[in-house]
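Structure, as structure tokens:
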Amino acid sequence: MTNPKAMKVDVHAHCYPKPYIDEIKRIGIDQGGGVGVPIPVWESTEQRIAEMDAYGIDVEVLSLSAPNVYFPDDGLSKALARMTNDFIADIAKRNPQRFLSLASIPLANLDHAFAELERAMEKLKMDGIVLGTNINQRPLSDDLFFPFFEEVDRRKIPVVLHPQRSIAEDLMPREDESLGLPSSVGFLFETTRTIAQMTFKGTFQRLPSLTLALPHSGGAIPFLSPRWDIFYRSRPETHLLRRLPYPPSHYLKRHYYDTALSYAHSSLRCTLDLAEIDHVVLGTDHPYTNDFRGQETVESIEGYGFTDDEKEKIFFRNAATLFPKLGEVGK
């Protein structure tokens with residue numbers, strides 16, 4: 001078995017079952033699915049493992065990405081959540097040394113959301129949940145979703161965030177889409193906006209165990225967080241933000257920041273300044289990055305100048321803190 005000290009765990013990897021792709025095409029969602037590039041359909045477990053082996057990834061934490069299961073039809077959202085969760089959970093169950101699984105939640109309907117959360121955690125034994133940054137254009141900070149987050153906080157369920165189609169995307173010039181701005185810029189600021197809203201509104205103050213794994217190093221959060229603290233400190237005591245007993249960075253340090261497409265040394269430095277070594281985790285965005293980017297992610301971390309202990313934290317131990325089942329892998 002693999003020595004855990006040498007393991008590499010990718011917390012940001014995706015799985016799209018073919019029936020899911022067929023269904024979203026049927027309802028008129030194009031091949032980009034809100035991501036901006038063709039969605040890579042899951043071909044086989046053997047193929048995925050071969051791709052992982054090619055650049056040294058031992059374990060992937062699998063999740064559905066955009067557009068996830070957020071559709072105007074609540075019944076369709078529920079059905080696709082159940083189908084994709086069954087599919088991903090089965091991959092992890094059959095290959096426990098190589099995969100963990102995250103559940104998608106039909107959050108537009110709270111009754112469906114609570115029921116699927118219970119099923120995914122108790123029956124399917126999944127390892128956490130993945131949430132989009134908005135639910136049918138409604139931000140996660142909306143009070144409608146707070147009871148759901150209370151339950152997640154109570155149960156200490158790991159949450160992985162992933163950007164969705166931006167709430168403001170319809171206001172962008174049409175040319176922006178052909179230039180790739182929605183994914184290369186919009187996705188990053190979707191994550192940034194979502195965490196800013198939840199932080200400033202007091203979600204993380206009210207829910208002390210709610211911890212998120214943030215994609216792409218949290219978007220622009222590591223760069224902007226000092227500005228947010230300045231904003232907090234400079235406002236009068238009567239300002240809504242000053243209801244928080246601590247500045248925003250206090251809450252931001254709770255979360256985990258993955259390296260997917262944010263593996264350049266300049267990005268790593270900025271992320272480490274905020275999150276510190278114990279809250280940075282390996283992420284690749286595989287299979288979207290089944291090319292030079294997957295390999296470069298690992299090589300960039302290996303070549304940054306980290307000590308062996310620090311690399312072990314990024315590659316394995318920090319992820320094992322998020323997902324305790326990883327402690328069983330390699331035994």
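Report yes if Y232 is under 24 Å from H12 (Cα atoms) and hydroxyl-bearing (S, T, Y), otherwise no.
no
Evaluate segment 225-246: report whether one residue or more is in contact with a Cys (Cβ under 7 Å, 6 or more places away or on another chain), of a type outside the set (K, R) and under 24 Å from F187 (Cα atoms).
Keep residues of segment 225-246 that are in contact with a Cys (Cβ under 7 Å, 6 or more places away or on another chain), which gives none.
Looking for residues that are in contact with a Cys (Cβ under 7 Å, 6 or more places away or on another chain), of a type outside the set (K, R) and under 24 Å from F187 (Cα atoms), one finds none in segment 225-246, hence no.
Which condition from (1) on the phi > 0 side of the Ramachandran plot; (2) over 19 Å from the mean Cα position of the chain (by Cα) is the one that G128 breaks?
(2)
Could you please find all residues in segment 99-158 being aliphatic (A, V, I, L, M), over 22 Å from D10 (Cβ atoms) and surrounded by 19 or more Cβ atoms within 10 Å (Cβ to Cβ)?
Of everything in segment 99-158, those that are aliphatic (A, V, I, L, M), over 22 Å from D10 (Cβ atoms) and surrounded by 19 or more Cβ atoms within 10 Å (Cβ to Cβ) turn out to be L107, A108, A113, L117, I135, L140, V152.
Within the bounds of segment 39-50, is there any residue that is among the hydroxyl-bearing types (S, T, Y), more than 19 Å from the chain's Cα centre (by Cα), at pLDDT 95 or above and surrounded by 14 or more Cβ atoms within 10 Å (Cβ to Cβ)?
So in segment 39-50, the residues among the hydroxyl-bearing types (S, T, Y) come out as 44-45.
If we keep only those that are more than 19 Å from the chain's Cα centre (by Cα) as well, we get 44-45.
The next check asks that each one be at pLDDT 95 or above; those that pass are 44-45.
Those left that are additionally surrounded by 14 or more Cβ atoms within 10 Å (Cβ to Cβ): 45.
Yes, segment 39-50 has at least one match.
Would you be able to tell me the number of residues in segment 209-239 that are acidic (D, E) and either at pLDDT below 95 or buried (at least 24 other Cβ atoms within 10 Å of the Cβ) (or both)?
Here the count works out to 1.
Do you know which of the residues in segment 266-286 that are out of contact with any helix residue (DSSP H, G or I) (no Cβ under 7 Å at 6 or more places or on another chain) and surrounded by fewer than 20 Cβ atoms within 10 Å (Cβ to Cβ) is farthest from L252 (Cα to Cα)?
Looking at residues that are out of contact with any helix residue (DSSP H, G or I) (no Cβ under 7 Å at 6 or more places or on another chain) and surrounded by fewer than 20 Cβ atoms within 10 Å (Cβ to Cβ), I get S266.
Pick out the one residue from D90, D127 that is touching a strand residue (DSSP E or B) at 6+ places or on another chain (Cβ under 9 Å), outside any helix (DSSP H, G or I), among the acidic types (D, E) and closer than 28 Å to M52 by Cβ.
The match here is D127.
Check I24, I49 and return the single one that is closer than 25 Å to E169 by Cα and without any contact (Cβ under 8 Å) to a residue 60 or more places away in the chain.
Only one candidate passes the filter, namely I24.
For segment 239-286, enumerate the residues that are part of a strand (DSSP E or B) and of a type in the set (A, V, I, L, M, F, W, C).
V280, V281, listed by residue number.
Give segment 173-190 a look and list any residue that's loosely packed, with under 15 Cβ neighbours inside 10 Å and farther than 20 Å from G132 by Cα, or say none.
P173, R174, E175, S178, L179
H239 is checked against (1) of a type outside the set (A, V, I, L, M, F, W, C); (2) more than 16 Å from the chain's Cα centre (by Cα); (3) under 28 Å from R317 (Cα atoms) and fails just one. What number does that condition carry?
H239 satisfies every listed condition except (3).
Yes or no: G305 free of Cβ contacts under 8 Å to residues at least 24 places away in the same chain and over 26 Å from T203 (Cβ atoms)?
Spelling it out, G305 is indeed free of Cβ contacts under 8 Å to residues at least 24 places away in the same chain and over 26 Å from T203 (Cβ atoms).
Tell me, yes or no, whether segment 72-84 has at least one residue that is closer than 22 Å to Q295 by Cβ and out of contact with any Cys (no Cβ under 6 Å at 6 or more places or on another chain). Even if it seems obvious, please write down each step before you answer.
Restricting attention to segment 72-84, the residues satisfying the condition of being closer than 22 Å to Q295 by Cβ are none.
No, segment 72-84 has no match at all.
If I ask for residues that are surrounded by fewer than 21 Cβ atoms within 10 Å (Cβ to Cβ), in a helix (DSSP H, G or I), of a type outside the set (K, R) and touching a residue at least 24 places away in the same chain (Cβ under 8 Å), which ones from segment 287-300 would you list?
The answer is Q295, E296, V298, S300.
Any residue at all in segment 209-222 that is of a type outside the set (V, I, T) and more than 18 Å from the chain's Cα centre (by Cα)?
The answer is no; no qualifying residue exists.
The values are calculated or read from the model by the stated rules, or taken from the named source; none is laboratory data. Small disclaimer: the values here were computed from a predicted structure and weren't measured. Cβ sites come from the backbone with ideal geometry, for glycine too, and all protein chains shown count toward neighbours.
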